[in-house]
Amino acid sequence: MNVLHFPVFVSARRLCGHFSLPLPRPLILMAVAGALLGGCAFTPPPREAPPSPPPLPLAVEKHRFSVAGDESVVGQLASVEIRDGDTLSDIARHYGLGFQELAEANPGVDPWVPEAGRRLVLPLQFTLPDAPRKGVVINLATMRLYHFPAKAAEGVISTYPVGIGKEGRSTPTGYMTVVRKTEFPTWYPTENIRRDHALKGDPLPPAVSPGPDNPLGDYAMYLSRPQYLIHGTNKPYSIGFRASNGCIRLYPEDIAAVFPEVKPGAAVRIVNQPYLVGRKGGQVYLEAHEPYEELNRARLKSELTARLKRLEKKDGVVLDWTRVEQVLSEARGIPVPIQANSPPMAAVVAQAIELRRPVAWFGRPELPAADAGGWLVKAATTHEESSARRVAAVLNHQGPPIPARAVKAGDGFEVLAGPFKDDKTAKTVAKRLKIDLELDAEVRPPVDSMHVAGARPLARSGQ
């Protein structure tokens, strides 16, 4: 035994805490390594795992903001991940947005069958309309209501998405006041509305009592211009659409918040401003929306250009006119800084706060069990799964909702609504599909499940 190797042997013996016969040096080194790997007393502590990143926030403010007197841009952009089964209607309502503004901010995204895995921009930053900050201001172009409370803390405002008058029955602009307010209102449809419904085979009574069939919802504020109201709705997924007969409608949860805050006599100004210039943090912002058909696009652009040139001269700022053209062309409804050397649209969107998905979307229509039995209504047949899913999503977001699924049937796909408790209900739904969506529906008698005639329900996920 070479005594020069003994210290190594001793070290190994001490490290491992037992005796063994002297070994040649290579074997000693192997023994030491084996002992260390085997967990002897001096094994180095394992490295601590790096701390987990903090969880993403669940929400940002969507309704109430503080704004300085010389500023006019409030809120902040956010984003959330899309999953299979989501729709823009569900996401918009959850975050206090209207359908149109969410769709505008995300060009190329299918609103009813959006691509899973991508992040959706939530346009929760708003430019205040060019109007006195007093009472209620409604901008038709952005489909958004602003309330400037008289007795609230200075600079505190609230804002909510709205639905407005459809083409041919546009909501009028101008100054009005709130004449009276009613909880659980009765609806008295005008003669024109009753005639339109009668022509569709859907006659209306002279008065519709409070309840689920009343389009005014639970709250109504009557304006000084006759026949125009600010009210709730029994069709919440019409918010962000031009879908009313001229009235302003809000989500049920939003009108419940606005109703007690707006007093009789309050001022109501309705404007139509698709191009909005604002300020925040010393920057000049431009927010652009696609102008409605009744507006003169060329005149709007000319007026905006003149305003921006006056601003350059008066305030001594230098604007990026290429950026101005880009914002107008894209019309995404997102406030973008337009001064020279300011960040471009892509950088603004990239700074959106990432939000964590909620457990469930607020108000999302729930489907009855596919195997519940009952009467069915075949709403559509198509060769493409995406088309079937799209139709089913639209039906689920009608008012009131029509429960529907896309199912595999033979070589194609069907959209089946139901199940319904009786043939009367099924026939009523089929009639609604014809009147509202021009779909030729087929009523089917009860079966044990939707697994009929080769039909297989397609999974609906998303939460």
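Every number in this text was worked out from the coordinates using simple rules, so none of it is lab data. Not measured: the values here are computed from a predicted model. Here Cβ is always computed from backbone atoms with ideal geometry, including for glycine, and neighbour counts include all displayed protein chains.
Viscosity 1.306 mPa s, temperature 10 °C: Stokes-Einstein D of segment 205-278 from its Kirkwood Cα radius, in µm² per second?
116 µm²/s
For ALA404, list long-range residues whose amide hydrogen, built 1.01 Å from N in the peptide plane, is under 5 Å from its own amide hydrogen.
ASN396, GLY418
Excluding residues fewer than 8 places away in the same chain, name every one of the aspartates and glutamates whose C-alpha is closer than 16 Å to that of LYS314.
Correct list for LYS314: ASP70.
Counting each DSSP H run of 4 or more residues in the chain as -39500 (n - 2.57), what helix-only mean residue ellipticity at 222 nm follows after dividing by all residues, to the nearest 500 deg cm²/dmol?
-7500 deg cm²/dmol, from helical runs alone.
Which order results if GLU167, GLU48 are arranged by neighbouring Cβ count within 10 Å, fewest first?
GLU48, GLU167
Name the trypsin sites (Lys or Arg not before Pro) in segment 171-245 that are in a loop by DSSP and that have at most 15 other C-beta atoms within 10 Å, would you?
Answer in residue order: LYS200.
At most 10 other Cβ atoms within 10 Å and a DSSP loop assignment: could you name the GluC sites (Glu not before Pro) in segment 251-356 that fit?
GLU293, GLU294
Across all directions of projection, what mean area in square nanometres is found for the Cα convex hull of segment 375-457?
4.7 nm²
Check each of the chymotrypsin sites (Phe, Trp or Tyr not before Pro) in segment 347-451 and keep only those in coil by DSSP with at most 16 other C-beta atoms within 10 angstrom; list them in order.
PHE362
Note the full-extension length gain between ARG118 and ASP436 as 0.36 nm times their separation in residues minus their Cα-Cα distance, in nm to one decimal.
Stretched out fully, the ARG118 to ASP436 stretch lengthens by 111.3 nm.
Gain in length, LYS421 to TYR188, computed as 0.36 nm per residue apart minus the alpha-carbon separation, to one decimal in nm?
Full-extension gain reported as 80.8 nm.
Can you give the angle from 0 to 90° between the axis of helix 423-437 and the longest principal axis of the chain, with both taken from C-alpha atoms, to the nearest 10?
80 degrees
Could you list, bin by bin from short to long, the percent of Cα-Cα pairs of segment 37-171 in 10 Å steps?
Result returned by the calculation: 10, 32, 26, 14, 6, 6, 4, 2, 0.
Would you mind classifying segment 116-175 by shape? Square roots of the alpha carbon gyration tensor eigenvalues, ordered a ≥ b ≥ c; an a/c under 1.5 is rounded, otherwise it is prolate if a/b is larger than b/c and oblate if not.
It is oblate, given that a/c is not under 1.5 and a/b is not larger than b/c.
So, R0 is 51 Å and r is the distance between the beta-carbons of VAL317 and ASP411; what FRET efficiency does that work out to, to 0.05?
Here the calculated transfer efficiency is 0.25.
Once fully extended, how much extra length lies between TYR292 and THR381, figured as 0.36 nm per residue of separation less the alpha-carbon to alpha-carbon distance?
So the chain would gain 28.7 nm between TYR292 and THR381.
So which of LYS235/LYS378; LYS408/LYS434; LYS378/LYS421; LYS200/LYS431 end up more than 18 Å apart, counting from Cα to Cα?
Where the Cα-Cα span goes over 18 Å, the pairs concerned are LYS235/LYS378; LYS408/LYS434.
Please arrange LYS378, LYS313 by how many other C-beta atoms lie within 10 Å of their C-beta, fewest to most.
Placing the least packed residue first, the sequence is LYS313, LYS378.
First obtain the Kirkwood hydrodynamic radius of the chain from its Cα pairs, then insert it into the Stokes-Einstein equation at 10 °C and 1.306 mPa s, and state the resulting D in µm² per second as a whole number.
D = 61 µm²/s.
With a cut-off of 8 Å between alpha carbons and a minimum separation of six or more residues, what is the relative contact order of segment 375-457 in percent?
Once divided by the residue count of segment 375-457, the mean separation gives 39 percent.
Could you check the simple spin-label distance between PHE362 and ALA59, using points 7 Å along Cα→Cβ, in nm with one decimal?
It is 0.5 nm.
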